1. So is residue 449 out of contact with any Asp or Glu (no Cβ under 8 Å at 6 or more places or on another chain) and touching a residue at least 24 places away in the same chain (Cβ under 8 Å) or not?
2. Conditions first: (1) under 26 Å from the mean Cα position of the chain (by Cα); (2) of a type in the set (Asp, Glu); (3) farther than 29 Å from residue 219 by Cβ. Residue 322 passes all but one, so which condition is the exception?
3. Looking at the structure I just gave you, is residue 469 touching a strand residue (DSSP E or B) at 6+ places or on another chain (Cβ under 8 Å) and among the small types (Gly, Ala, Ser)?
4. I'd like to know if region 289-297 contains one or more residues that are among the hydrophobic types (A, V, I, L, M, F, W, C), more than 30 Å from residue 187 (Cα to Cα) and in contact with a helix residue (DSSP H, G or I) (Cβ under 8 Å, 6 or more places away or on another chain).
5. Which residues, taken from region 367-384, are under 26 Å from residue 430 (Cβ atoms) and in contact with an Asp or Glu (Cβ under 9 Å, 6 or more places away or on another chain)?
6. Test residue 247 against the criterion of being over 30 Å from residue 122 (Cα atoms), part of a helix (DSSP H, G or I) and of a type in the set (A, V, I, L, M), and give yes or no.
7. Would you check if residue 216 is over 25 Å from residue 184 (Cβ atoms), assigned to a helix (DSSP H, G or I), at pLDDT below 90 and not charged (D, E, K, R)?
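The values are calculated or read from the model by the stated rules, or taken from the named source; none is laboratory data. Here the structure is a predicted model, which is why all the values come from computation and not from measurement. Positions of Cβ are backbone-derived with ideal geometry, glycine not excepted, and every protein chain shown enters the neighbour counts.
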Amino acid sequence: MDENELKRKDQSALGAWSTQGNTNSKASAARTGPSPVVWVMMGFLGLIALGVIFVLPGIVEDYELPFTPRAEIVETNVQSAGRTPTTAAISPFEEAQRAKQRQEAQVVLASLLERQAALEELEVAVWAEPEYAAALGFAKLGDESYRSQAFLGATTQYENADKALQGLQESVPQVFAAALAQGQQALVDGAAKLAAEQFTLALILEPADTGARTGLRRAGSLADVKRLVGEAEDLRDASRLDEALTIAQSAVALDGAHEQAMSLVGAIRAQIADNAFTRVMSEGFTALQAGESQSAIAAFNRALAMRPNSTQAQEAITQTRDQLAVAQINAHRGAAEGFAGQEQWAAAVLGYDAALGIDANLVFAIEGKNYAQKRAQLDTLLQSAIDQPERLADTAVYAQVVQVYYTGRNLNVDGTRLESQLNELEALLDKAQVPVEVQLVSDNQTVVTLYQVGELGKFNQQVLSLKPGKYVAVGTRSGYRDVREEFEVGFGNRSAPVTIACTDEIVAVNRR
């Protein structure tokens, strides 16, 4: 077999590789995933690459091209043939050098084929078509050099193609990240088709990535989610909040990560809560205007439970309590002043105390209580003197009652009860100074002593002039039991006779 025949066979093999690359590139661009035929071809190419790497170096001495046996060089006797050779004979050294260069080109070609197969699996033409085409362009230039047996040039071009494909392989993580990011942004923008394309690409590059799978699923439901969100917004605008919330929740159920749907659910819930809060607050203010303070406070407390940090509800409660406190204070004040007007001073004190229990700084209550307490004390002293006139017989008591009397007179206030008490006490004080004759009767054997007066001695009958009051007379006699008589001297009338005599003889037990 001559050298021209060898060249034709090399060119045929290289042309088949180049055509295969172009066909694969076009097919991969037209489909969305590798077909079974491609998988078989990839496996076949892998076997070829392994053969080139591990087998070819051992047999390169016997073959010039991958599938062409080396031609034996036969010296031709030009003279004996009677003709001139058309080509110069190749020396063994040149042949060895060319074989070595061919082997180097084939080694680079094997790496190039391996990278091409891996990138075809990742459908490189879909995401890096210009770069991939440029790499194949270098490979075609290498093919041309190889066909012309310019193996050094072929190696250079194959290396260029190999480096370009290597760069594409190394860019896969960045392309994956970009596809994932663009898919997410497309979801935000509502571009379902673009999102599906980007997540599909991401899954081609990283088939096990859960984020890409989730994104592709979300892209599939995006149209329905957008429709539901639109319906929910229309219902919300129509103030049909419960229906709007149900529709918005359906959208979230389809895509729990859809920000607009989740935001809409939150907004509708907040609006429903706002309406409920406003309604309860209105109930409270209505009750407050009707004077139903307790009902108003109950409503405001319910509103505060809805919004624990609501200053509006807290201020309403404070306002209502203040209003209720003012009403209660006014009620207690009116009651206390009413009791004071009726000269029921003890009851008036209780009324002022009730007002001070609400606000201890109420001036009217402090002053009113102080006055009512003094009047209550005066009333008690006056009434006590009136109810116990006999105590006026005691000089000290009489002096104290006189002081109480003048205290009341110096008040210079109108009061039926006070005036009546003072007049009655004045009469008692006058009568307390008028003596009354009292007849004392005894047996002339008993020694009589009259407290507040002194010892009267023994007598049968004695008349004394005594001021009205209570008195005590004591009688003693040797051998008889002592006697004690309490009697009262009335005002303005003669008292009944008082008998004081010891008549109960003491019997001796051991009389001799």
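1. Numbers: out of contact with any Asp or Glu (no Cβ under 8 Å at 6 or more places or on another chain): no; touching a residue at least 24 places away in the same chain (Cβ under 8 Å): yes.
Answer is no for this residue.
2. Going through the list (1) under 26 Å from the mean Cα position of the chain (by Cα); (2) of a type in the set (Asp, Glu); (3) farther than 29 Å from residue 219 by Cβ, residue 322 breaks only (1).
3. On the way: touching a strand residue (DSSP E or B) at 6+ places or on another chain (Cβ under 8 Å): yes; among the small types (Gly, Ala, Ser): yes.
When the stated conditions are applied, residue 469 passes them.
4. Here is the first cut: in region 289-297, the residues among the hydrophobic types (A, V, I, L, M, F, W, C) are 290, 296-297.
Narrowing further to those that are more than 30 Å from residue 187 (Cα to Cα): 290, 296-297.
When the remaining residues are screened for being in contact with a helix residue (DSSP H, G or I) (Cβ under 8 Å, 6 or more places away or on another chain), the result is 296-297.
Checked region 289-297: at least one residue is among the hydrophobic types (A, V, I, L, M, F, W, C), more than 30 Å from residue 187 (Cα to Cα) and in contact with a helix residue (DSSP H, G or I) (Cβ under 8 Å, 6 or more places away or on another chain).
5. Selection gives 375, 379, 382.
6. yes
7. Working: over 25 Å from residue 184 (Cβ atoms): no; assigned to a helix (DSSP H, G or I): yes; at pLDDT below 90: yes; not charged (D, E, K, R): yes.
For residue 216, the condition - over 25 Å from residue 184 (Cβ atoms), assigned to a helix (DSSP H, G or I), at pLDDT below 90 and not charged (D, E, K, R) - is not met.
Yes/no per residue for (1) surrounded by 14 or more Cβ atoms within 10 Å (Cβ to Cβ); (2) more than 28 Å from residue 202 (Cα to Cα); (3) over 60 Å from the mean Cα position of the chain (by Cα); (4) at pLDDT 90 or above:
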{"position": "81", "(1), (2), (3), (4)": "no, yes, yes, no"}
{"position": "86", "(1), (2), (3), (4)": "no, yes, yes, no"}
{"position": "92", "(1), (2), (3), (4)": "no, yes, yes, no"}
{"position": "98", "(1), (2), (3), (4)": "yes, yes, yes, no"}
{"position": "108", "(1), (2), (3), (4)": "yes, yes, yes, yes"}
{"position": "127", "(1), (2), (3), (4)": "yes, no, no, no"}
{"position": "130", "(1), (2), (3), (4)": "no, no, no, yes"}
{"position": "137", "(1), (2), (3), (4)": "yes, no, yes, yes"}
{"position": "156", "(1), (2), (3), (4)": "yes, yes, yes, yes"}
